[in-house]
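Accompanying notes for the structure given below.
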């Protein structure tokens, strides 16, 4: 369940919610893992905040997937053909090689769709203990 907190005009959505940290596939595993999906607010400015935790080397790719499917047709926390990485950006990845355990903030403008989530893939060298421990989406409505 996603928690959304208000801080003045800014909303912060804890996309990992009560699920806590998401375990990430180990190196060379082509299976991705998915965050819970949340509503994608329209006419907003976005910031994504993320952090990995690991007992070894961090090597992750984080992509944003979006969908306009009816909610009852969505498979949460799993591959779902209705969710796709937008293909009209210079790069499809939010980050193509997260290699540390620091907190990161990235401005990113999603397409206008109903739903948004993260797709996380372990890259070569990623330690089996790696988790995505923080993934927040902050947004402010543009008036």
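Every number in this text was worked out from the coordinates using simple rules, so none of it is lab data. All of these numbers come straight from a predicted model, not from anything done at the bench. All Cβ positions, glycine included, derive from the backbone under ideal geometry; neighbour counts span all protein chains shown.
Computed quantities for the displayed model
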quantity: Most fluctuating residue given options 73, 14, 127, as computed from a GNM of the chain linking Cα atoms under 10 Å; calculated: 73
quantity: Relative contact order computed over the stretch 3-141 (Cα-Cα under 8 Å; 6+ residues apart), in percent; calculated: 47 percent
quantity: Packing rank of 51-60, 38-47, where each peptide gets the mean count of other beta carbons within 10 Å, highest leading; calculated: 51-60, 38-47
